[in-house]
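**Student:** The following block contains the structure, expressed as C-alpha cells.
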Amino acid sequence: MISRPAYDIDSWRRRIPLLASCIPMNNCSQAPQTDATRAAAERYLDSWNRSGMDWDAWMAEVALAKRAFAKLIGAAPSDVAVFGSVSAATSAVASALDFDGQRRRIVVSGMEFPGVAHVWLAQGRRGAQLCQVAMHEDQPNDYDSLIDERTALVSASHGWYVNGFVQDVARIAARARAAGALSFVDAYQTLGAVPVNVRDLGVDFLAAGTLKFLMGVSGISFLYVRPEIVELLQPTVTGWFGRSAPFAFDAQTLDWSPNASRFDGGTPPVVNAYIARAGMEIIDDVNPVSIRAWHEVLARHLIDGGRARGLTLHGTDNVRQKTATTAFVVPDSHAVETAMRARGVLPSARGQVIRLAPHFYNTLDDVDCALDTLADVIRAR
Ligand SMILES: Cc1ncc(COP(=O)(O)O)c(C=O)c1O
C-alpha cells in the first residue's frame, strides 16, 4: 500500500475553499466546491448575462460534458445520453423494454439505491416481475440462481451507497449476457472513486450523476448505452432531443437518433453541464487510478482507526472490495451527523449508519480527526 498520493495533494487542497473551515467526509453524498467548478458556474452566468442567450455555446457545453463522461468510462461521446437524475435515466431505460413476452423478469439486488429500485418496482404495472437478490452486507450477492431465459434485465448497483461495498459487475453482466438478458449498472458511488471501463465491464447500460465523487452538482446525470444494442431500443420516455434532427421541429415524425442520444429528453440541464464537466475534468486530471490507490489507504485507516476507537463497522473490512466510503453503526445517525457538523466534520447519515467518505484531497489527519469526532459524539450521547 502506498504511503502518499501520486499527485500533489496540497495544491489540490488549496483549490477547495471549504477545507479552511471544516473537513468534508461526505463525498458519497455531495463533494465540496472547487475553484474550477465555481469558475464553470460563473462562466455560464457570464454567458447568459452577456448574450441573453448563447444557445450554440450552451449546446456545445452539454456535448463537452457528455464527452468528459464518456472519457471517464471508456466510451464514445455518442454512447452517452444526458438526464436530470439517475432515476430519470433508469425510467427511460425501463420504458424501452417490453414485459409482455417470455422475458418479463427484472433481477434486482438489495443494494440498489431506492430511486433505481422504485423504477423497476413501477414496471409491475407493465407486466414486469421483480426478482430480488438476497442481500449480504459484505459479500457478493447471489445473482446466478435468479438469471435465466425469463430474465429481461439485471440491475446491479456498482458501489453500495450504504457502506461502499463494490459488486463484481463484470461478472454479473457476463452472466446476464449469457442468459440473453440486458444489464444495467448504477455507478453513482463508484465513478470518480474506482476506475471504470464500460467495455471491460461488458455492461449494456451504466448510469451516474456527478455530485458525489465526480466533484459536480445535482440536476444532471449521464447514461451509457452499449452501441451494439442502441438501435433496438425505443424509449417511450422521450423528448425532442431524442430525435436525429431535433431542430427540424417536425412534430409528425419520431425520427430516432441512431445513437445513445435517442435517450435524451427535453432541453438539457445547461448550467449543470458546465459544472459537471469541470468536476469530471478534475477527476481525469488527478487520475482515477491514483485516486483509487489513495482511497484504499484512507479506507484502511478508517477501518483500523474505527476499530481502535471501539466503533462498529458496517460491511466488509477488505479495502479491495469497497470504495473509500466506510460506514459505522450508530444510534440516531441524523443526530450524530448534526453534532459532528457542529464540530467541523461533515459526515453523511443513512439509516442506522454514519458514512465517512473521504476523497482524493483528504489526508490521514482528516480521517483521524473525523474518527475522533465520531467517537466523542457517540460517547457524549
Ligand atoms: C448509488 C446511487 N444511485 C442513485 C442515487 C440518486 O440518484 P438520483 O437522485 O440522481 O435519481 C444516489 C444518491 O443520491 C446513489 O447513491
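**Student:** Could you grab me the full set of residues in segment 319-333 that are of a type in the set (D, E, K, R) and either within 13 Å of M25 (Cα to Cα) or surrounded by 16 or more Cβ atoms within 10 Å (Cβ to Cβ) (or both)? Please lay out each step first, then the result.
**Tutor:** From segment 319-333, those of a type in the set (D, E, K, R) are 320, 322, 332; that's our starting set.
Across segment 319-333, the qualifying residue is only K322.
Okay, residues lined up against (1) open to solvent by 70 Å² or more (accessible area, probe 1.4 Å); (2) of a type outside the set (A, V, I, L, M); (3) not in a helix (DSSP H, G or I):
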| site | (1), (2), (3) |
| --- | --- |
| L18 | no, no, no |
| C28 | no, yes, yes |
| Q33 | yes, yes, yes |
| A41 | no, no, no |
| W58 | no, yes, no |
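**Student:** Check V119, V108, V169 and return the single one that is within 15 Å of the ligand (Cβ to nearest atom), hydrophobic (A, V, I, L, M, F, W, C), within 30 Å of W240 (Cβ to Cβ) and crowded, with 20+ Cβ neighbours inside 10 Å.
**Tutor:** Numbers: V108 fails: within 30 Å of W240 (Cβ to Cβ); V169 fails: within 30 Å of W240 (Cβ to Cβ).
The conditions single out V119.
**Student:** Hey, among the residues in segment 122-165 that are of a type in the set (V, I, T) and either free of Cβ contacts under 8 Å to residues at least 40 places away in the same chain or in contact with a helix residue (DSSP H, G or I) (Cβ under 6 Å, 6 or more places away or on another chain) (or both), which one's farthest from the ligand (Cβ to nearest atom)? Give the steps one after another, and end with the answer.
**Tutor:** Initial filter on segment 122-165 (of a type in the set (V, I, T)): 133, 147, 151, 154, 162.
Subset that is either free of Cβ contacts under 8 Å to residues at least 40 places away in the same chain or in contact with a helix residue (DSSP H, G or I) (Cβ under 6 Å, 6 or more places away or on another chain) (or both): 133, 147, 154.
Values: V133: 16, I147: 21, V154: 16 Å.
It comes out as I147.
**Student:** Sticking with this one: Working only within segment 206-222, note down all residues that are farther than 15 Å from K66 by Cα and either in contact with a strand residue (DSSP E or B) (Cβ under 9 Å, 6 or more places away or on another chain) or at pLDDT below 95 (or both). Give the steps one after another, and end with the answer.
**Tutor:** Here is the first cut: in segment 206-222, the residues farther than 15 Å from K66 by Cα are 211-213, 215, 218.
Result: K212, F213, S218.
**Student:** So in segment 182-232, with the set limited to residues that are among the small types (G, A, S) and touching a Leu at 6+ places or on another chain (Cβ under 6 Å), which one is farthest from the ligand (Cβ to nearest atom)? Working first, answer last.
**Tutor:** Going through segment 182-232, the residues among the small types (G, A, S) turn out to be 183, 187, 192-193, 202, 207-209, 216, 218-219, 221.
Filter again for touching a Leu at 6+ places or on another chain (Cβ under 6 Å), leaving 187, 192, 207-208, 218.
Numbers: A187: 8, G192: 12, A207: 8, A208: 8, S218: 7 Å.
Taking the candidates together, the pick is G192.
**Student:** Out of S91, S95, S87, I need the residue that is within 16 Å of the ligand (Cβ to nearest atom) and without any contact (Cβ under 8 Å) to a residue 60 or more places away in the chain. Which one?
**Tutor:** Working: S91 fails: without any contact (Cβ under 8 Å) to a residue 60 or more places away in the chain; S95 fails: without any contact (Cβ under 8 Å) to a residue 60 or more places away in the chain.
From the options S91, S95, S87, the qualifying one is S87.
**Student:** Residue check: is A342 modelled with pLDDT under 95, farther than 29 Å from L72 by Cβ and either surrounded by 24 or more Cβ atoms within 10 Å (Cβ to Cβ) or of a type in the set (A, V, I, L, M, F, W, C) (or both)? Step through it out loud before you land on a result.
**Tutor:** Values: modelled with pLDDT under 95: no; farther than 29 Å from L72 by Cβ: yes; either surrounded by 24 or more Cβ atoms within 10 Å (Cβ to Cβ) or of a type in the set (A, V, I, L, M, F, W, C) (or both): yes.
Answer is no for this residue.
**Student:** Moving on. If you take the residues of segment 239-296 that are open to solvent by less than 60 Å² (accessible area, probe 1.4 Å) and among the β-branched types (V, I, T), which of them is nearest to the chain's Cα centre (by Cα)?
**Tutor:** Looking at residues that are open to solvent by less than 60 Å² (accessible area, probe 1.4 Å) and among the β-branched types (V, I, T), I get I283.
**Student:** For segment 226-238: of the residues being over 17 Å from G202 (Cα atoms) and among the hydrophobic types (A, V, I, L, M, F, W, C), which is most open to solvent (accessible area, probe 1.4 Å)? Show your work before the answer.
**Tutor:** So the first thing to find is which residues in segment 226-238 are over 17 Å from G202 (Cα atoms), and the list is 231-238.
Still in the running and among the hydrophobic types (A, V, I, L, M, F, W, C): 232-233, 237.
Numbers: L232: 141, L233: 12, V237: 68 Å².
It comes out as L232.
**Student:** I need the full set of residues from segment 122-165 which are crowded, with 21+ Cβ neighbours inside 10 Å, modelled with pLDDT under 95 and under 28 Å from N27 (Cα atoms), in order please.
**Tutor:** Within segment 122-165, V133, N141 qualify.
**Student:** Would you point out the residue of segment 68-84, among those that are outside any helix (DSSP H, G or I) and buried (at least 17 other Cβ atoms within 10 Å of the Cβ), that is farthest from the ligand (Cβ to nearest atom)? Full working, then the answer.
**Tutor:** Step one: filter segment 68-84 for residues outside any helix (DSSP H, G or I), giving 74-76, 80-84.
Those still in the list that are buried (at least 17 other Cβ atoms within 10 Å of the Cβ) too: 75, 80-84.
Values: A75: 19, V80: 16, A81: 14, V82: 12, F83: 8, G84: 8 Å.
Once the filter is applied, the top-ranked residue is A75.
**Student:** When both residues are 6+ apart or on different chains and their Cβ atoms are under 7 Å apart, which pairs have a first residue that lies in segment 334-360 and is over 8 Å from M25 (Cα atoms), and a second that is β-branched (V, I, T) and part of a strand (DSSP E or B)?
**Tutor:** Here the result reads V336/I354; E337/I354; G344/I23; Q352/V329; V353/V329, each pair linking segment 334-360 to a residue that is β-branched (V, I, T) and part of a strand (DSSP E or B).
The values are calculated or read from the model by the stated rules, or taken from the named source; none is laboratory data. Quantities reported herein were computed from a predicted structural model and do not represent experimental measurements. Here Cβ is always computed from backbone atoms with ideal geometry, including for glycine, and neighbour counts include all displayed protein chains. Side chains included, ligands, DNA and RNA excluded: accessible areas come from the protein's heavy atoms. Shrake-Rupley method; radii C 1.70, N 1.55, O 1.52, S 1.80 Å.
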